[in-house]
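One structure is given below, encoded as structure tokens.
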Amino acid sequence: MTTALATVPKHKSLLEKFSTKFLVDEEKLLLTLKATAFKQRDNKEITNEQMTALLVVADQYGLNPFTKEIYAYPDKQNGIVPVVGVDGWSRIINEHPMLDGIDFRYSDKTTTPKGGKLCPEWCEVIIKRKDRSSPIIVREYLDEVFRELDYASPWKTHTKRMLRHKTLIQGARIAFGFAGIYDDDEAERILEAHAVDGEVTGKTVTIEQPVARNTESVAPAAAPTPSSSLGGGGEAPDQKPAGQPMKPSQANII
């Protein structure tokens, strides 16, 4: 009489999963992402733990780090501040199975912030879910989100668009429970706030819900675990001396 031994299926590592998905050698994938998926304010090498954290979030929300749908700022405790670009936010919202439409409303009153352009005082996003009888309505006020910066930031050149973008993100968080991800503007605020005390701590990622799907007025068209299995090195570009604001990419505008 023979006893059959149950075979436990082998699970792919996170790096192997991304390597297979993008048809890139694992070592090359690691080096490439370390050099392109992080924005740094110093020359410190990106650790394997930081890279693992970014891949965990990218995998959770189905985001592509190669197309800048997701990238990160490293902090000084070997953590990361995960940033989702405009295209990434649009996609995870549009792909959410419960999304049933998006509309925007604007204040009749306008204002011109210092350094910005004429803009409604507030913007509301109305997000409809298939499983709710009432829509989720979220309002954001320009005077609470506008950033007066020294350089030609999107807030100065595309004031109305940035207000709409901020409103959409806050509405999506409430409507779909997206957690642990930020836009570039929020990430810079986080780093600046902690830098005031001389210590940049950022945020450690905690994923609470699966992923995301829109209709608009926006075109229709998510906790890190340390891993010692990742290898390689590399340094990220876009480096900026500490204490100086970083210029967000114009690609980060809806």
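Summary of computed values
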| quantity | calculated |
| --- | --- |
| Meets criteria (open to solvent by less than 50 Å² (accessible area, probe 1.4 Å), modelled with pLDDT under 85 and either closer than 18 Å to TYR61 by Cα or part of a helix (DSSP H, G or I) (or both)) for VAL218 | no |
| Residues satisfying the stated conditions in the range 37-52, i.e. assigned to a helix (DSSP H, G or I) and touching a Pro at 6+ places or on another chain (Cβ under 7 Å) | GLU49, GLN50, THR52 |
| Answer from LYS17, LYS34 - the residue that is surrounded by fewer than 20 Cβ atoms within 10 Å (Cβ to Cβ), in a helix (DSSP H, G or I) and among the basic types (Lys, Arg) | LYS17 |
| Pairs where the first residue, in the range 123-147, is among the hydroxyl-bearing types (Ser, Thr, Tyr) and the second is modelled with pLDDT of 95 or more and not in a strand (DSSP E or B), C-beta under 9 Å, 6+ apart | TYR141/SER107; TYR141/GLU121; TYR141/LEU163 |
| Residue that is open to solvent by less than 50 Å² (accessible area, probe 1.4 Å), at pLDDT below 90 and not hydrophobic (A, V, I, L, M, F, W, C), where the choices are ASP42, ASP75 | ASP75 |
| Filtered residue count, the range 120-159, keeping only those that are in a loop (DSSP other than H, G, I, E, B), among the charged types (D, E, K, R) and either at positive phi or under 21 Å from the mean Cα position of the chain (by Cα) (or both) | 1 |
| Residue that is most open to solvent (accessible area, probe 1.4 Å) [pool: residues in the range 53-72 that are among the aromatic types (Phe, Trp, Tyr) and assigned to a helix (DSSP H, G or I)] | PHE66 |
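Results for (1) buried (at least 19 other Cβ atoms within 10 Å of the Cβ); (2) of a type in the set (Lys, Arg), shown as yes or no for each residue.
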{"position": "CYS119", "(1), (2)": "yes, no"}
{"position": "GLU124", "(1), (2)": "no, no"}
{"position": "ASP131", "(1), (2)": "no, no"}
{"position": "PRO135", "(1), (2)": "no, no"}
{"position": "LEU142", "(1), (2)": "yes, no"}
{"position": "PHE146", "(1), (2)": "yes, no"}
{"position": "TRP155", "(1), (2)": "yes, no"}
{"position": "LYS160", "(1), (2)": "no, yes"}
{"position": "LEU163", "(1), (2)": "yes, no"}
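Yes/no per residue for (1) among the β-branched types (Val, Ile, Thr); (2) within 30 Å of LEU31 (Cα to Cα); (3) at pLDDT below 95:
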site	(1), (2), (3)
PHE66	no, yes, yes
GLY79	no, yes, yes
GLY85	no, yes, yes
SER90	no, yes, yes
MET98	no, no, no
ASP108	no, no, no
GLU124	no, no, no
VAL138	yes, no, no
LYS156	no, no, yes
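The values are calculated or read from the model by the stated rules, or taken from the named source; none is laboratory data. Predicted, not measured: the structure shown is a model, and the values here were computed from it. Cβ sites come from the backbone with ideal geometry, for glycine too, and all protein chains shown count toward neighbours. Quick note on the areas: whole protein, heavy atoms, side chains included, nothing else; ligands and nucleic acids left out. Shrake-Rupley method; radii C 1.70, N 1.55, O 1.52, S 1.80 Å.
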